[in-house]
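In what follows, a single structure is set out as structure tokens and then discussed.
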Amino acid sequence: MSQVATVAMTSIRAHVRAIERETRDTFTLTVTPAAGQALRPFAPGQFNMLYAFGVGELPISISGDPEDPDELVYTVRSVGQATHALVSRKPGDAIGIRGPFGTHWPLEAARGKDVLIVAGGIGLAPLRPAIYHVLRRRDDYARLMVLYGARSPRDLLYRKQLAQWARQPDTQVLTTVDYGGLSWRGHVGVVTTLFRCLRPHPAQTVAYVCGPELMMRYVVHQLETRGVPPGDVYVSLERNMKCATGCCGHCQMGPYFVCRDGPIFSYRQVRPWLHKREL
Amino acid sequence: METKELIELLREHAFLERFKPEHVQKFAELAREVRFVRDQIIFREGEECGLFYLILSGRVALEVSAPGCILRVLTLEGGEQLGWSSVLEAGGKHFQARSLEAVRALVFDGARLREACDQDPEFGYALMTQLLQVVAERLQATRLQLMDIYRPRAVKLI
């Protein structure tokens with residue numbers, strides 16, 4: 001095995017520094033390397049393989065600031081044994097980390113243009129590093145528009161940050177929920193309904209989309225209808241990943257391995273494969 | 001409000017973006033301005049209300065009553081329309097509409113809009129096409145809402 005492959009397949013040991021509850025089932029873990037270990041830098045949209053020792057290893061997108069080299073941040077929804085084990089860690093507990101892996105949001109391609117972020121549910125987590133990146137270089141980009149949908153008000157992630165982002169210049173943050181009680185005075189309706197509140201400049205817009213795949217298909221349809229070219233729309237896909245290096249084939253989708261060739265794809269690249277059954 | 005002023009407001013409204021100037025003029029002749037304060041009921045579920053609204057500003061919630069509670073199913077904003085079924089037929093409203101904040105809108109009598117459609121089929125075709133677009137978008141959104149795509153399930157990435 002080459003040295004590169006060995007590094008990719010070997011976990012480093014890290015410690016949970018903090019764990020914060022975001023919603024009833026979603027937690028944000030902040031992780032620092034164990035003594036003698038170093039974290040590898042990541043680009044917005046990339047993921048790590050996180051190992052809950054004795055339970056299992058999972059691909060988890062990095063949701064923190066790419067320019068903070070001392071820690072990694074992950075937002076994890078507890079939906080199975082391994083994710084439950086991860087979110088049940090206490091500060092000081094150890095986990096294993098491999099990576100980062102995969103492609104990233106092509107932020108260079110959006111320089112000088114409007115950046116449209118469309119997120120659904122926990123799909124906001126892999127997009128947050130891209131938002132940090134844009135906000136840190138506000139003059140390099142035109143408008144920043146964040147459309148975010150969740151199941152209910154109590155399922156909205158990063159609520160304080162959403163409010164902070166909305167106060168930034170040339171930044172529009174719109175949130176919606178599928179089901180809102182009478183105490184919720186915000187928008188109700190699926191995330192695609194927020195497009196009615198936007199006046200995008202199609203040729204000037206680069207869109208980054210992450211959420212349930214079904215949601216992304218509807219969002220991409222909205223973007224196409226509004227004239228945003230498929231090559232300027234990027235989606236983050238998920239498949240059953242194991243090795244994260246494009247060797248095992250678990251995450252194959254047509255000609256691509258999602259772990260290696262993705263998870264971020266241009267829509268033009270994956271359009272023929274998104275509507276195929278069994279992929 | 002004068003017709004000229006109404007025409008300006010209508011020209012800027014997203015619902016009328018594709019209408020010809022003479023059709024916008026026709027809307028202006030039938031429109032009047034209305035305002036609602038926060039938490040005002042615009043119409044109630046089941047109520048006979050033949051009015052069609054173009055929202056200029058503010059936010060309106062569509063609600064439906066279920067045993068023991070009221071469910072909020074959609075919110076509408078400036079640039080959207082409210083009460084499309086009034087253009088098609090007179091009848092009871094399927095939802096309750098409530099202003100969530102101060103709302104300014106233009107209101108039209110559905111029966112008079114239908115008359116205008118009958119008298120000028122080109123106007124009628126343009127209006128029905130636009131309404132169908134609205135209804136189709138709402139239908140798609142409702143389907144997506146019914147799929148409950150954010151419900152917890154085991155996933156591998158994120």
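The values are calculated or read from the model by the stated rules, or taken from the named source; none is laboratory data. These numbers were taken from a predicted model, which means no experiment stands behind them. FYI the Cβ positions are ideal-geometry reconstructions off the backbone, even for glycines, and counts take in every protein chain you see.
Okay, residues lined up against (1) part of a strand (DSSP E or B); (2) closer than 18 Å to A:Tyr158 by Cβ; (3) of a type in the set (Phe, Trp, Tyr):
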{"site": "A:Arg13", "(1), (2), (3)": "yes, no, no"}
{"site": "A:Val16", "(1), (2), (3)": "yes, no, no"}
{"site": "A:Glu20", "(1), (2), (3)": "yes, yes, no"}
{"site": "A:Thr23", "(1), (2), (3)": "no, yes, no"}
{"site": "A:Phe27", "(1), (2), (3)": "yes, yes, yes"}
{"site": "A:Gly36", "(1), (2), (3)": "no, no, no"}
{"site": "A:Ala43", "(1), (2), (3)": "no, no, no"}
Notebook entry, point to check: How many residues does region B:97-134 hold that are outside any strand (DSSP E or B) and touching a helix residue (DSSP H, G or I) at 6+ places or on another chain (Cβ under 9 Å)?
Noted result: 19
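Could we say that A:Thr75 is in contact with an Asp or Glu (Cβ under 7 Å, 6 or more places away or on another chain), modelled with pLDDT of 95 or more, surrounded by 22 or more Cβ atoms within 10 Å (Cβ to Cβ) and under 27 Å from A:Tyr234 (Cα atoms) here?
Yes; evaluated as a whole, the condition is true for this residue.
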Item checked: Any pair with Cβ under 7 angstrom, 6 or more apart, that starts in region A:148-173 at a residue that is farther than 22 Å from A:Val190 by Cβ and ends at one that is in a strand (DSSP E or B) -> A:Asp170/A:Leu144; A:Thr171/A:Leu144
Next item on the list: Specify the residue that is nearest to the other protein chains (Cβ to nearest Cβ); the eligible residues are those in region A:229-245 that are in contact (Cβ under 8 Å) with a residue 60 or more places away in the chain and among the aliphatic types (A, V, I, L, M).
Entry: A:Met241
Checklist line | Top-ranked residue in region A:232-269 [being of a type in the set (A, V, I, L, M) and surrounded by fewer than 22 Cβ atoms within 10 Å (Cβ to Cβ); ranked as nearest to A:Val206 (Cα to Cα)] | finding: A:Leu237
Notebook entry, point to check: Restricting attention to region A:214-245, which residues are farther than 18 Å from A:Gly123 by Cβ and within 20 Å of the chain's Cα centre (by Cα)?
Noted result: A:Pro230, A:Gly231, A:Asp232, A:Lys242, A:Cys243, A:Ala244, A:Thr245
Notebook entry, point to check: From the list A:Gln168, A:Gln172, A:Gln161, which one is under 18 Å from A:Thr75 (Cα atoms), out of contact with any His (no Cβ under 8 Å at 6 or more places or on another chain) and of a type in the set (S, T, N, Q)?
Noted result: A:Gln161
Note to self: Looking at region B:64-96 only, could you name the residues that are over 17 Å from B:Val135 (Cα atoms) and in a strand (DSSP E or B)?
What the structure shows: B:Val64, B:Ser65, B:Ala66, B:Cys69, B:Ile70, B:Leu71, B:Arg72, B:Gly92, B:Gln96
Item checked: Set A:Pro91, A:Pro44, A:Pro59: member being modelled with pLDDT of 95 or more, over 21 Å from A:Ala244 (Cα atoms) and not aliphatic (A, V, I, L, M) -> A:Pro91
Notebook entry, point to check: Restricting attention to region A:185-207, which residues are surrounded by fewer than 23 Cβ atoms within 10 Å (Cβ to Cβ), facing another protein chain (nearest Cβ under 7 Å) and assigned to a loop (DSSP other than H, G, I, E, B)?
Noted result: A:Arg185
Item checked: From A:Gly56, A:Gly36, residue being within 14 Å of another protein chain (Cβ to nearest Cβ), over 19 Å from the mean Cα position of the chain (by Cα) and surrounded by fewer than 16 Cβ atoms within 10 Å (Cβ to Cβ) -> A:Gly56
Check: So which residues in region A:53-94 are closer than 17 Å to A:Ala18 by Cβ, in a strand (DSSP E or B) and touching a helix residue (DSSP H, G or I) at 6+ places or on another chain (Cβ under 7 Å), if there are any at all?
Finding: A:Ile62, A:Thr75, A:Val76
Margin query: So A:Leu157 passes all but one of these: (1) more than 18 Å from the chain's Cα centre (by Cα); (2) assigned to a loop (DSSP other than H, G, I, E, B); (3) under 23 Å from A:His104 (Cα atoms); (4) within 13 Å of chain B (Cβ to nearest Cβ). Which condition number does it fail?
Written below: (1)
Notebook entry, point to check: Restricting the search to region A:84-102, which residues are charged (D, E, K, R) and closer than 27 Å to A:Ser266 by Cα?
Noted result: A:Arg98
Next item on the list: Answer yes if at least one residue in region B:11-19 is at pLDDT 95 or above and under 19 Å from B:Gly92 (Cβ atoms), and no otherwise.
Entry: no
